[in-house]
Amino acid sequence: MTAFFALTTSLLWGLADFGGGLLTRRTPALTVVVVSQGLAAVVLGVIVVATGGWSDAGPRLWFAVAAGLVGPVALFSFYKALAVGPMGVVSPLATLSVAVPVGVGLFLGERPGLLQVAGIAVAVTGVVLAGGPQLRGAPVQRRTILLTLVSAAGFGTVFALITEASTTVTGLFLALFVQRLTSVATGGAALWRSVRQGAPALPEGGFALAAL
């Protein structure tokens, strides 16, 4: 069952990468972050109410708040990298985020088995091979690589924090909801400041044009 969830997550993550990459080429990355996190908060809020997730509220939710503060930075860096660099390089490199939760697990005393170590090695090799052809075929800006690595570190930190934020399935939904609310507040404040400084919040013509 764990493998099924992992594969499903990988599929959804890939679809989100593709959609986010297209949007950020037409819409400011910060706007994409705020809107996507807001929509996710609405869906998760409905799930929390339907499952009674409020009963799992407790001190652990502060980990979710921390994840909500880190998340917008990771997402902004990732979407910005997709906007200025090739998706075939950015997406594989971003999956290096797994190194953070793995490192935290090792620090806390977890010891993966031989098969798990082999899986991690294969995954890292796949990342290098997936990004390699474009890295050789066309120059990639150093800024793109830096943004992608920042996003990978941020995503990995979010994964580790959310792991600590809940111990049950309903608690997980609540933690993700709190994380998204915090992300919307943080990203919204950054977007407001950006607009005050003269940056556009929408592409010319609004979201209707961005969707074309």
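Quick look at the numbers
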item: Protein-only accessible surface order, largest first, of E164, E110 at 1.4 Å; result: E110, E164
item: Charge tally in the Cβ shell below 13 Å around F173, where Lys, Arg are +1 and Asp, Glu are -1, F173 excluded; result: 0
item: Computed accessible area, I47, all protein chains, 1.4 angstrom probe, square angstrom; result: 50 Å²
item: Fraction of accessible area attributable to carbon and sulfur, the stretch 38-117 (%, probe 1.4 Å); result: 77 percent
item: Extension gain (nm, one decimal) between T51 and A190, 0.36 nm per residue minus Cα-Cα; result: 46.8 nm
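The values are calculated or read from the model by the stated rules, or taken from the named source; none is laboratory data. Please read all numbers here as calculations on a predicted model, not as lab measurements. Every residue, glycine among them, receives a Cβ derived from its backbone with ideal geometry; neighbour counts consider all protein chains shown. Only protein heavy atoms, including side chains, enter the accessible area calculation; ligands, DNA and RNA are left aside. Shrake-Rupley method; radii C 1.70, N 1.55, O 1.52, S 1.80 Å.
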